[in-house]
Structure formats: C-alpha cells, structure tokens
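Q: If you scroll down you'll find the structure; I have some questions about it.
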Amino acid sequence: MTPEEALSRQVAAALLTIGAVSFSPDRPFTWASGLKAPIYCDNRLLISYPHLRRTITEGFRQIIEFWELEPDVIAGTATAGIPHAAWLADRMELPMVYVRARPKAHGQGRQIEGRLEPGQQVVLIEDLISTGGSSIAAAEALMAADAHVLAVLAIFTYGFPEAEMRFAQAEIPLHTLTNLSVLLEVAREHGLLDERAVTVLEDWRADPYGWSEAHSE
C-alpha cells in the first residue's frame, strides 16, 4: 500500500468513525440541491477534532508537495473550505483568502475576501466535491481576479462523472484526500454496509439524477 492509499483509507475511516458519513439506502436523504441520495457526508464535523484537523492539513500539504505545486496564496471556499484553508495556510506560512458563493450585496460587494494580487498562484481548498459546480465557480471567481488556480484540493469526492468532466473542461486539476470507492471499501470492512447497500450506492453514483428521480415521492 502506498502512503497515498494509506492516507486515503485513514481519512475515510476517520469520517466514518466521527459520524460525518451517514448511509440510508432505503430512506434517501434530500440534499440542499433537492437531489435524493442514499448517503450524506458532513465534513464540517472534522473541525471539532484537533488530531483529525492536523491529519487533513498534513494531507493537503503532502498533495501540494507531491504535485510540485507552488502556491503564493491558499484560498478556501465559503464556508466549509475556510477553516481547512486557514490551517493549511498557517502550516505553510502563506497568505489566505476565501471565496464567497456570490459577491456581497452590500459594502464593497466583494466576492473574494483577503488580499489577492493579480498573477498570484492559488490552491483552492474545498471540503467536498459532488457535481463540482460550486468549486468551479469559486475557481472562476479567482481567475476573474487574474489569479492562476493551480488546483482544487478537497477532503472527499463522490466521484461523479459529471464532476470529473467539469474539472477536465475547466482544465483545473482536482486532488482529493479520499473518495467514495475507498469509503465504501472501508465501511464494508468494518461491517457498516452489506453488499446490497454497496450496490445501491454504486448505482446511485453512476446516475445520481436518474436514481434521485426514481426514488422521489
């Protein structure tokens, strides 16, 4: 097992242990987008566990080192990416900014908070990737400010084909600490999922919109 694989399993196990991931194959969750899903991942719980915060921060630092990224600034997506971006920026002794989903409707109407100079190289931190839309929008806001986005780094991805396509089309590299495939493997090993549940989750990942429509009341 490579160090990257070991870290991926460690992060997946941590998410399961603290209850950040919930499975419900028979009574789907409803996401904020309205999509029905047999899984819900709340990475915000990580901020309450200092040792896990350090694991995530060090994992991001290792990704940056492995891919030979040289950011001038660490950016976080509002709101869930902000704390992890802050801890990483502190660890690497780099400036930090954060990106709102949309410009403020008052004051100076900023979408990017913090000091970002034209031409600076940025690594964008996200907590979770589903369809990739919000992360791409944040990256585009940074690029509109004349920054160069080296990559998006996230804790977890569902691995939707749509997200992979969006990042490829935007020509923005995406690197994550762990993913749904690893999470399912670890959950199965710990007796948290049976084979039927795994099949349901894999069917959902292959076609989340079709699955959602089929399971809507």
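FYI, it's all coordinate maths here, none of it is from the lab. Values in this document were obtained by computation on a predicted structure and should not be read as measured data. Quick reminder, even Gly has a Cβ in these numbers, built from the backbone with ideal geometry, and neighbours come from all protein chains shown.
Q: For the chain, with only Lys/Arg (+1) and Asp/Glu (-1) charged at the beta-carbon, what is the dipole magnitude about the Cα centre, in debye rounded to 20?
A: Using Cβ point charges on Lys, Arg, Asp and Glu, the chain gives about 760 debye.
Q: Restrict the search to region 55-124; then list the trypsin sites (Lys or Arg not before Pro) that DSSP places in a loop and that have at most 15 other Cβ atoms within 10 Å of their Cβ.
A: Of the trypsin sites (Lys or Arg not before Pro), the ones in loops of region 55-124 whose Cβ has at most 15 other Cβ atoms within 10 Å are R100, K104, R110, R115.
Q: State the answer as a single residue: which of I39, L177, F66 lies farthest towards the positive end of the charge dipole of the chain, with beta carbon charges of +1 for Lys and Arg and -1 for Asp and Glu, about the Cα centre.
A: The residue sitting most towards the positive pole is I39.
Q: Ok, one more. Select from the chain the helices, each a whole stretch of DSSP H, whose alpha-carbon atoms run 18 Å or more along the helix axis and whose Kyte-Doolittle mean is at least -0.5; answer none if there are none.
A: Correct list, ordered by number: 3-17, 50-66.
Q: Moving on. So between R54 and Q169, what do we pick up on full extension, going 0.36 nm a residue minus the alpha carbon distance?
A: Once the chain is fully extended between R54 and Q169, it gains 38.2 nm.
Q: Note the per residue figure in Å³ for the convex hull of the C-alpha positions in region 123-172.
A: Considering the Cα atoms of region 123-172, their hull volume per residue is 60 Å³.
Q: Viscosity 0.692 mPa s, temperature 37 °C: give me the Stokes-Einstein translational D for region 68-217 in µm²/s, with Rh taken as the Kirkwood radius over C-alpha pairs.
A: The Stokes-Einstein estimate is 197 µm²/s.
Q: A further question follows. Across 5 Å bins from the origin, how do the percents of Cα pairs in region 23-115 run, short distances first?
A: Per 5 Å bin, starting at 0, the Cα pair percentages come out as 3, 12, 16, 17, 16, 15, 12, 7, 2, 0.
Q: Cα-based Rg of region 138-217 per 2.2 N^0.38 Å, rounded to two decimals?
A: Cα-based Rg divided by the globular estimate yields 1.38.
Q: Rank the residues M143, M1 as a footprinting-exposure proxy: fewest other Cβ atoms within 10 Å of their Cβ go first.
A: Ordered from fewest to most neighbouring Cβ atoms within 10 Å, M143, M1 come out as M1, M143.
Q: Also: Compare the Cα positions of G210, M143, A85 along the charge dipole of the chain (+1 at Cβ of Lys, Arg; -1 at Cβ of Asp, Glu; about the Cα centre) and return the one farthest towards the positive end.
A: The listed residue farthest towards the positive side: A85.
Q: Counting only DSSP beta bridges with both residues in the chain, what percent are antiparallel, rounded to the nearest 5?
A: 25
Q: Report the GluC sites (Glu not before Pro) located in region 48-95 that are in a DSSP loop and have at most 11 other Cβ atoms inside 10 Å of their Cβ, or state none.
A: Those that pass, being in a loop and sparsely packed, are E68, E93.
Q: Something else: To the nearest 20 debye, what is the magnitude of the charge dipole of region 97-216 about its Cα centre, counting +1 on the Cβ of each Lys and Arg and -1 on the Cβ of each Asp and Glu?
A: Computed about the Cα centre, the dipole is about 600 debye.
Q: Report the FRET efficiency, 1/(1 + (r/R0)^6), for H215 and D42, where r is their Cβ-Cβ distance and R0 is 22 Å, rounded to 0.05.
A: The formula returns an efficiency of 0.60 here.
Q: Quick one, can you get me the convex hull of the C-alpha atoms of region 33-72 expressed as volume per residue in Å³?
A: 143
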